[in-house]
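The values are calculated or read from the model by the stated rules, or taken from the named source; none is laboratory data. Computed from a predicted structure; not experimentally measured. Positions of Cβ are generated from backbone atoms using ideal geometry, with glycine treated the same way; all protein chains shown enter the neighbour counts. Only protein heavy atoms, including side chains, enter the accessible area calculation; ligands, DNA and RNA are left aside. Shrake-Rupley method; radii C 1.70, N 1.55, O 1.52, S 1.80 Å.
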Amino acid sequence: MAKEHRKMDVVVIGAGMAGLTAALYAGRSGRSVLVLESELVGGQIANAADIENYPGLPGVDGGKLISAVQTQAENFGAVVDEFDPIVRVVLSAQPKIVETEGAVYEAGSVILATGMTRRKLPLKEAGRYEGRGVHYCELCDGQAYAGKTVAVIGGGNAAVDAAEYLSKLASKLYLIQRSELRADAAAVKRLREHENVEILLHTEPRALSGDKRLTTATLFDRKTEATRELPIDAVFVNIGVEPNTALFAGQVELDAAGNIVAGEDCRTNLAGVFAAGDVRTKEVRQLTTAAADGTAAALGAVKYLRSQSK
């Protein structure tokens, strides 16, 4: 059966803070807007339990914040389509083509806000225990380890935030980082105050073991060169992210790291195609800059559509 063809002014790919803000502004400008999200709405921010640095909303829950932005966008007519994976895009065409598993969309302008994905743990046995002791989403899987011993691997803000959340569930939590912590001092100080938390610096996992599930992590101390076996029920991995740009390779310009090349105006090398949020080349990646990108991309898209109508 042939797929249904639909026309939209703006198609936003990705429903994180950048994508939903773009949908809000484009919808408010009177344009028909579709937001496509292959996974859960919200992206990484939906997993943040306690956001302290979003202006005007100290201590806001990430899921609640993103839900509010989605509601705002929908109130201006944007349609958010969850769990409909994209199989093909043709971004140089006019109209531009975005094909999902369920439909083919013709768009006057496209905003790429696909964000980042957490890097996998680079141990050969990690895949064997994925979902059975190795996890990449603490909000999704943390509850299963209430009262158990868990570890968070990583040293940035995302890792410390994950440890903070899991410390309230686990009987014992280890934060394992191969060097020094890079997270904000305030977040680290708060984490250290939990009696059930132990921070292991200059330490890295070298192997994982267990029968059907993870039971032991082999740790290597980079200073003393000593090895130890740590009984563990689960590890939650936060060792960095990779841009979700494979779908656009060969069409929009990417930098060496795979980020979409776009300036503060969020314009890519293709007319009518914009990049917003963590997926574009930029120095600062924060919730506030994602919202700013969404705004710039949407207003740019609306301006582009006006020029095309002339």
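Computed values, structure above
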| item | result |
| --- | --- |
| Extension gain (nm, one decimal) between S92 and K189, 0.36 nm per residue minus Cα-Cα | 30.0 nm |
| Spacing of the two label points (7 Å from each Cα toward its C-beta) at T227 and E283, in nm | 4.3 |
| The chain: angle of helix 62-75 to the longest principal axis, Cα-based, in degrees nearest 10 | 10 |
| Dipole in debye (nearest 20) - the chain, about Cα centre, beta carbon charges: Lys, Arg +1; Asp, Glu -1 | 360 |
| Max mean-square fluctuation residue, GNM over the chain, Cα-Cα springs under 10 Å, options T100, T289, T227 | T227 |
| Set K96/K282; K148/K212; K3/K64 screened for pairs whose C-alpha atoms are more than 23 Å apart | K96/K282; K3/K64 |
| Spacing of the two label points (7 Å from each Cα toward its C-beta) at R306 and K64, in nm | 3.8 |
| Solvent-accessible area per residue, Å², over the chain with all protein chains present [probe radius 1.4 Å] | 47 |
| Relative contact order [Cα under 8 Å, 6+ residues apart], the chain, whole percent | 20 |
| Longest segment of the chain lacking GluC sites (Glu not before Pro) that sit in a DSSP loop with at most 16 other Cβ atoms within 10 Å | 126-179 |
| Selected from F274, F220, F236 as most flexible by GNM, with the chain as the system and alpha-carbon contacts under 10 Å | F220 |
| Loop chymotrypsin sites (Phe, Trp or Tyr not before Pro), region 50-107 (other Cβ atoms within 10 Å of the site Cβ: 15 or fewer; DSSP) | F83 |
| Amide N of region 1-33 lying under 14 Å from the label point, which is placed 7 angstrom from the Cα of C137 along Cα→Cβ | 15-16 |
| Dipole axis of region 120-237 (+1 Lys, Arg; -1 Asp, Glu on Cβ), positive-most option in L173, A207, G133 | A207 |
| Calculated log₁₀ intensity ratio I(q)/I(0) where the Debye formula runs over C-alpha points of region 231-310, q = 0.15 Å⁻¹ | -0.58 |
| Rounded percent of accessible protein surface that carbon and sulfur make up, region 120-237, 1.4 Å probe | 49 |
| Span per principal axis, largest first, for the Cα atoms of region 156-310 (Å) | 68, 33, 31 |
| Loop trypsin sites (Lys or Arg not before Pro), region 32-138, which have at most 16 other Cβ atoms in a 10 Å radius of their Cβ (DSSP) | R119, K120, K124, R132 |
| Whichever lysines have a C-alpha closer than 18 Å to that of K189, once near sequence neighbours (fewer than 8 apart) are set aside | K168, K172 |
| Rg/Rg_ref, the chain, where Rg_ref = 2.2 N^0.38 Å and atoms are Cα | 1.08 |
| Equivalent ellipsoid semi-axes - Cα gyration tensor, region 1-118, angstrom | 27, 15, 11 |
| Cα-only radius of gyration and Dmax that characterise region 120-237, units Å | 13.1, 39 |
